[in-house]
């Protein structure tokens, strides 16, 4: 009954577990973004960045403070100690910045944001319209018909429209007509601001009832803007249309998006923090499919980028390995035990332990991700150990002591119980410390260590309960006194395999006992050789993986217009599409929160790895050599993997920080270090922030 409860809770837990690529990790990293339109990088540094840094530098728990000043935008990055709560750090920074708001230029307002790994888009949609439709109309359609529909879905956080242009009524003042009417530009601006409003009008008492009034003066059409009175001169009213030309147009583009060389409206969908990526993407796809059925002729909504594909592939591969590992473990048990009944009794511990672990994972708030699935895959070969030890002892009591299965199960389990408990606790002692490692790596391995401990602990409970129960019911009784049990063909086959292995092991053991010093020296030499061998093997947090996608990061010189950045980046994308392994490209310009018109990104989606000869790494290297080799030196480009934890900018795997008070000396030292690093084998996409 106890095991049944574990299994039922595990099944319920599995249905409620989220699916993601990595565990949910809160980085104590806070960004302060301050727009300062029209200011040069030097002015941004002096007027905004330095003052924000002085305020933030006094916050407790601060580890490092870095800043980047670009044209019109100040970015300050505050990294705190891992023990600091990110929410508390953000609140502290808000309070400290409030003390210097008066010192900042008028109109500037710093935005404090937590670095959220879930802020990366999980899916990107492309909205296209019929030929001849204006960008303004297509933007309005994408906003009203697509964005608002998807925003209501469960788990969807923010949707950013890229490449769109909202409607804007432009008032072009004529200096000659202004002078003729004796009206200043400031008067026109004030008249439009005062008249183009919707304000509450108070209440009117009408007997026993009150009526709420609202003054609706906001202009809807360009003609209404022109009718606004700027000044009344006797019986003659000077209107906006008398001194200006009114144009119903669209706002100046701040972002751009091209899909396969064709301008498009891209909708970047971000999920809410802690929600299930796969579930959110499935909901968005279903909503997009429903929209597609009811769209007007010529309009379409397509999926351009789906970040859940890698999550699904990784999860499916690990689950497949988990099932295959369980089957092979059962086959090995069958091969050496030589009994189908004993194999079933021992092997049942694998699914029961794994399924029951899902319930504990749900209670701990974990998800099915690379770390927890890796733990489950490793646990497959471990959870069966306790059951095999208990089962073998029960079998020995039946075969050697001639006990019936039921009393044999009780006495054998009692006899071996302490040893099994010690083995289980020693295994848990190996994996539990992994869950409490320090640093960012420790945050990722927290769910790995606990999941392993959960599975091992449940396997011990299964070995002490379910295994004796099944053994008492399924194992055959001993033969009568004086008779020998007839051995099955499986047992004879098992002996045929096991006996040569036993003879080989006995010979090796005898040799080791006769030559103990040789064995001791060999062991010491093996242990000593691990240090140099580990240095040559190298290490990484995650193994290289072909995700069938990569990015080209482009940063043009400061002051480059949106159109120029789009034109240059699209040239790179067009060359990238000529490669047979590249399926499609999506160019986004000024897609980050800072809206930098000189920063662009080319997302390249590749064909399935099984359908191409070259790997993702080989294709990326060819892009560096053939496509980016001719890029001018003043333009910064990098071919990089799609980073799951990006906060914008280039995703450098290794970065060094050089600090000092003199910017000129930093430039000289930085260039020297760059020249030295270029000589290091394997270094690519080398760049600096200067």
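Summary table below
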{"quantity": "Where N is the number of residues in segment 29-114, Cα Rg divided by 2.2 N^0.38 Å", "calculated": "1.02"}
{"quantity": "Extension reserve of the residue 220-residue 402 stretch, reckoned as 0.36 nm per residue once the Cα distance is removed", "calculated": "55.9 nm"}
{"quantity": "In degrees, nearest ten, helix 308-337 long axis to first principal axis of the chain (Cα)", "calculated": "0 degrees"}
{"quantity": "Shape call, segment 89-207: gyration tensor on alpha carbons, a/c limit 1.5", "calculated": "oblate"}
{"quantity": "Overall form of segment 143-194 per C-alpha gyration tensor (a/c, 1.5; a/b vs b/c)", "calculated": "prolate"}
{"quantity": "Zone of residue 300's modelled label, taken as backbone nitrogen in segment 280-294 under 16 Å from a point 7 Å along Cα→Cβ", "calculated": "288-294"}
{"quantity": "Centre separation in Å (Cα based) which lies between segment 551-606 and segment 496-515", "calculated": "65 Å"}
{"quantity": "Alpha carbon centroid spacing (whole Å) that separates segment 660-690 from segment 168-232", "calculated": "57 Å"}
{"quantity": "In nm, spacing of pseudo-spin labels at residue 567 and residue 641 (7 Å Cα→C-beta vector)", "calculated": "3.6 nm"}
{"quantity": "Cα principal axis extents for the chain, largest first, Å", "calculated": "131, 79, 53"}
{"quantity": "Computed label-point distance, nm, for sites residue 499 and residue 25 using a 7 Å Cα→Cβ extension", "calculated": "5.5 nm"}
{"quantity": "The chain: angle of helix 2-16 to the longest principal axis, Cα-based, in degrees nearest 10", "calculated": "30 degrees"}
{"quantity": "Rounded tilt (10° steps) of 349-364 against the dominant C-alpha axis of the chain", "calculated": "30 degrees"}
{"quantity": "Pairwise centroid distance, computed over Cα atoms, of segment 68-112 with segment 1-67, Å", "calculated": "14 Å"}
{"quantity": "Listed peptides 369-376, 520-527 by packing density, highest first (mean Cβ within 10 Å)", "calculated": "369-376, 520-527"}
{"quantity": "Anisotropy class of segment 311-481 from Cα gyration tensor, a/c 1.5 cut", "calculated": "prolate"}
{"quantity": "Mean residue ellipticity (222 nm) of the chain, computed from DSSP H runs ≥ 4 via -39,500 (n - 2.57), nearest 500", "calculated": "-15500 deg cm²/dmol"}
{"quantity": "Descending principal axes extents, segment 549-651, alpha-carbon based, whole Å", "calculated": "42, 30, 19"}
{"quantity": "Linear extension gain, residue 248 paired with residue 534, 0.36 nm per residue minus alpha-carbon span", "calculated": "96.2 nm"}
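Rule-based calculations on the coordinates, nothing more; no lab input. All of these numbers come straight from a predicted model, not from anything done at the bench. Every residue, glycine as well, gets a Cβ built from its backbone with ideal geometry; the counts of neighbours run over all protein chains shown.
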